[in-house]
Amino acid sequence: MRLDMAILAWSETYSVGSAMIDSDHQILINLINQLHDATETGQSRDVVGSVINVLAEYVVHHFHREELLMAQIGYPERAQHSQTHRDLEQRVRDIRDRWMAGERHVLDDDVMTFLKIWLTDHILRADIAYRPWIEAAADAHGGADSGGGACNI
Ligand SMILES: [Fe+2]
């Protein structure tokens, strides 16, 4: 399979145990798919630019939310994890800025592949690692929430 041609799809295997973060990850996957569609169908610089701009902003918003969560659940690797976020934010901002400056080749297949691998790899390997801390926090709060079993972290 050529990953650069593939449309990403969220599945339960990507779940980190938090409905909020899972929903963010689905939004990010949708945005990357939209970016894929916009470049594949040769949309204008402004249209592609607005999708990548939303992606860049949502990435920052999501990482901030995830970092608050990691602090809340006492995840010990959060400093290193947050540093990965800074690197990824910078990379996406750089792609956006270069695109807006007229570098059309900046969204070539290699970059789209990078975005897809980055997202799946980060979720599957880095984000999944804090799942046990989410579950422990949910257990500690078990029964206190009106919802019972569902963790609202
Ligand atoms: Fe993360």
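Estimate the FRET efficiency between ALA9 and ARG98 by the formula 1/(1 + (r/R0)^6), using the beta-carbon distance for r and 30 Å for R0, to the nearest 0.05.
0.60
In deg cm²/dmol and to the nearest 500, what is the mean residue ellipticity at 222 nm of the chain if only DSSP H runs of at least 4 residues count, each as -39500 (n - 2.57), divided by the residue total?
Helices in the chain give a 222 nm mean residue ellipticity of -21500 deg cm²/dmol.
What number do you get for segment 1-89 when its Cα radius of gyration is normalised by 2.2 N^0.38 Å, N = residues?
That works out to 1.22 for segment 1-89.
Per 0.36 nm of contour for each residue apart, how much would the distance between ARG86 and HIS105 grow if the chain were fully extended, relative to their Cα-Cα spacing?
That pair, ARG86 and HIS105, stretches by 4.4 nm at full extension.
What are the equivalent ellipsoid semi-axes of the chain, built from the alpha-carbon gyration tensor (square roots of five times its eigenvalues), in whole angstrom, biggest first?
Three semi-axes, in Å: 32, 15, 13.
Could you check the spin-label model distance between ALA129 and ALA19? Points 7 Å from the Cα along Cα→Cβ, value in nm.
2.8 nm
Can you give the accessible area per residue of segment 17-135, in Å², using a 1.4 Å probe?
48 Å²
Tell me the carbon and sulfur percent of the accessible area for the chain, rounded to whole percent, probe radius 1.4 Å.
C and S fraction of accessible area: 52 percent.
On C-alpha positions alone, give me the angle between the axis of helix 19-40 and the longest principal axis of the chain, in degrees, nearest 10.
10 degrees
The values are calculated or read from the model by the stated rules, or taken from the named source; none is laboratory data. Predicted model, so just to flag it, every value in this text is computed and none were measured. Here Cβ is always computed from backbone atoms with ideal geometry, including for glycine, and neighbour counts include all displayed protein chains. The accessibility values were calculated without ligands, DNA or RNA, using every heavy atom of the protein model including side chains. Shrake-Rupley method; radii C 1.70, N 1.55, O 1.52, S 1.80 Å.
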